[in-house]
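S.K.: If you scroll down you'll find the structure; I have some questions about it.
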Amino acid sequence: MLPESESKLNGSSRPPLDIASLVKQHAGENYELHAAHINPSNVRTLKTIGFDRCYTRAEGPYLWDVKGEKYLDLLSGYGVFGLGRNHPEVRRILKEFLDADYPSLVKMEAPLLSGLLAAELKRRMPNELDMVFFTNSGAEGVETAIKYAKCATGKPALIHCKKSFHGLSTGALSINGDESFREGFGPFLPDCRAIPFNDLGALEAELKKGDVAAFIVEPVQGKGVNIPAPGYLLEAQKLCRKHGALFIDDEVQSGMGRTGKFLAIEHDGPVDPDIVVLAKTLSGGFVPVGAVLCKKWIHEKVFSSMQRSVVHSSTFSQGGFAMAAGLAALDVLDRENLIANAAKMGDFIGQGLQAMVPRFEFMKEVRWRGLMVGIEFGSPKSISLKIAWTTCHALDKSLFPQAAVIPLMDKHHIITQVAGHAVDVVKLLPPLVINEADAKWFLTAFEDVMVQMHKFPGPAWDVLTGIGKMALTQRAR
């Protein structure tokens, strides 16, 4: 006779899984389950800032929680849901694919769908990129780019920017410009050097050392939403050519139309990256998929013979379901003119926020490129508000923007985020499907939040002080 624990896992007497019933049965238990089995620290964080909601339905840019409350999602899964959630056309295509019983991951074959998706991606590039490797994530794409660069050039060093974010796997973490993510995980890859963003002099100084395989850069930095000076990317590319280094364009978050062009790097003119890394919105929000596009000569250095034809590979690369999702995402992006909508709605939100800057002392600057928006706060002039600013930063350098993020969620049901550690920036990554009514919902809410933040003392400051004291207590333990 089987032990009780083993018999529970024995499927012989169990009915088939009913996922809808299972979800309904355990609705609202999210945080208890995560605290017990997945990440109790993250549960504490979400509860502290009031983000411990249990969502049960999603459509386009909206979410509904277990109580039936509607939310506007301006985070879009860190950019994964560029097409919105549960897009009906992507769902239709994926259902048709599943119903076709089509073979996937045979491995000893050349899959049809990956060839078709590669051709579609190449067609959208601003320059000639010949070969495509499919990945499961942006971080895996960055790992691929690192390997390609070292193999193609025979050089060891990698240059990246301070405040950069290229993923959290070991290689990607080696070129991560935020120490808060790196702490405790070293030693990292050798010869990875950080330079200031937007500093061509610093880049050339490193390139002159002659050991640089590649310079990797986000055309809009995700942490802080930092936008390059006009011509920076174009000149950086030229410097890389001059010194025999590859120019890697990390478009994991900024690509796929988010900034009003298919690639954010296109805002800088006739750029010619050697490698482009894509992910997030390419998935359609249904299944992980990323892509690395490169020039033919780089590919031929890596896959230089039949014996090396699979020298770089990934088990789930080119999975049929993922390739179908990528093709569906591109189709929706084109037919619904979402790139143009990203430019239009980005300007609507950005200009609306910019108009508030003269009215509110805490608002320092608004930066945006399409639907990648950063709202930076700065020290105010009024003595009472300056006291509030100083107190918050003394408690925790990442605390102040929560004064906007928390009430946007709690009072207005709008999901946003702080754009990194120790930065005074609120970040928006709305789905590309948002409309003018959604944008007005946010702008009206943000204006209300600013009015409340400029009342000191007041409820916003009571909440922040409590969170700050809690953080200090946790650090002291």
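The values are calculated or read from the model by the stated rules, or taken from the named source; none is laboratory data. Model, not experiment: these values are computed from the prediction. Please note: Cβ atoms are built from the backbone with ideal geometry, for glycine as well, and neighbour counts cover all protein chains shown.
S.K.: Could you check, for region 185-198, whether at least one of its residues is free of Cβ contacts under 8 Å to residues at least 24 places away in the same chain and in contact with a Ser or Thr (Cβ under 7 Å, 6 or more places away or on another chain)?
M.R.: Within region 185-198, one or more residues are free of Cβ contacts under 8 Å to residues at least 24 places away in the same chain and in contact with a Ser or Thr (Cβ under 7 Å, 6 or more places away or on another chain).
S.K.: Can you tell me which of (1) loosely packed, with under 13 Cβ neighbours inside 10 Å; (2) touching a helix residue (DSSP H, G or I) at 6+ places or on another chain (Cβ under 9 Å); (3) not in a loop (DSSP other than H, G, I, E, B) is the one Glu89 doesn't meet?
M.R.: All conditions are met except number (1).
S.K.: I'd like to check something: does region 4-18 contain any residue that is at pLDDT below 95 and basic (Lys, Arg)?
M.R.: Within region 4-18, one or more residues are at pLDDT below 95 and basic (Lys, Arg).
S.K.: Limited to region 13-39, what total is found for residues that are under 24 Å from Pro401 (Cβ atoms) and in a helix (DSSP H, G or I)?
M.R.: Here the count works out to 1.
S.K.: Among the residues that make up region 162-179, is at least one of them among the small types (Gly, Ala, Ser), surrounded by fewer than 18 Cβ atoms within 10 Å (Cβ to Cβ) and under 30 Å from Leu83 (Cα atoms)?
M.R.: Yes: region 162-179 contains one or more residues that are among the small types (Gly, Ala, Ser), surrounded by fewer than 18 Cβ atoms within 10 Å (Cβ to Cβ) and under 30 Å from Leu83 (Cα atoms).
S.K.: What are the pairs with Cβ atoms under 9 angstrom where one residue, in region 350-361, is touching a residue at least 12 places away in the same chain (Cβ under 8 Å) and the other, located anywhere, is among the charged types (D, E, K, R) and outside any helix (DSSP H, G or I)? Sequence gap at least six, or different chains.
M.R.: That search, which allows pairs on different chains as well, returns Gly350/Arg367; Gly350/Arg369; Gln354/Glu365; Glu361/Lys381.
S.K.: Is it true that Ser382 is touching a residue at least 12 places away in the same chain (Cβ under 8 Å), over 25 Å from Phe51 (Cβ atoms) and surrounded by fewer than 21 Cβ atoms within 10 Å (Cβ to Cβ)?
M.R.: Against the criterion (touching a residue at least 12 places away in the same chain (Cβ under 8 Å), over 25 Å from Phe51 (Cβ atoms) and surrounded by fewer than 21 Cβ atoms within 10 Å (Cβ to Cβ)), Ser382 qualifies.
S.K.: Based on this model, can you work out whether Leu83 counts as at pLDDT 95 or above, more than 25 Å from Asp249 (Cα to Cα) and either in contact with a Phe, Trp or Tyr (Cβ under 7 Å, 6 or more places away or on another chain) or not acidic (Asp, Glu) (or both)?
M.R.: No; evaluated as a whole, the condition is false for this residue.
S.K.: Which residues, counting only those in region 156-188, are touching a Leu at 6+ places or on another chain (Cβ under 8 Å), among the hydrophobic types (A, V, I, L, M, F, W, C) and more than 18 Å from Leu246 (Cα to Cα)?
M.R.: Once the filter is applied, which keeps residues that are touching a Leu at 6+ places or on another chain (Cβ under 8 Å), among the hydrophobic types (A, V, I, L, M, F, W, C) and more than 18 Å from Leu246 (Cα to Cα), region 156-188 yields Phe181, Phe185, Phe188.
S.K.: Looking only at strands (runs of 3 or more DSSP E) that lie completely in region 126-227, which have at least 1 residues being of a type outside the set (A, V, I, L, M, F, W, C) and at pLDDT 95 or above?
M.R.: So the answer is 131-135, 157-161, 192-195.
Residues checked against (1) surrounded by 14 or more Cβ atoms within 10 Å (Cβ to Cβ); (2) within 24 Å of Val373 (Cβ to Cβ); (3) without any contact (Cβ under 8 Å) to a residue 24 or more places away in the chain; (4) of a type in the set (A, V, I, L, M):
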site: Leu46; (1), (2), (3), (4): yes, yes, yes, yes
site: Pro61; (1), (2), (3), (4): yes, yes, no, no
site: Asp73; (1), (2), (3), (4): yes, yes, no, no
site: Gly77; (1), (2), (3), (4): yes, yes, no, no
site: Glu96; (1), (2), (3), (4): no, no, yes, no
site: Lys107; (1), (2), (3), (4): no, no, yes, no
site: Leu112; (1), (2), (3), (4): no, no, yes, yes
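S.K.: I'd like to verify a number: residues in region 86-107 that are at positive phi and among the basic types (Lys, Arg), how many?
M.R.: Count: 1.
S.K.: Another one. I'd like the residue in region 346-392 that is of a type in the set (Phe, Trp, Tyr) and within 22 Å of Leu432 (Cα to Cα) and, out of all such residues, is nearest to the chain's Cα centre (by Cα).
M.R.: The extreme case among them is Trp368.
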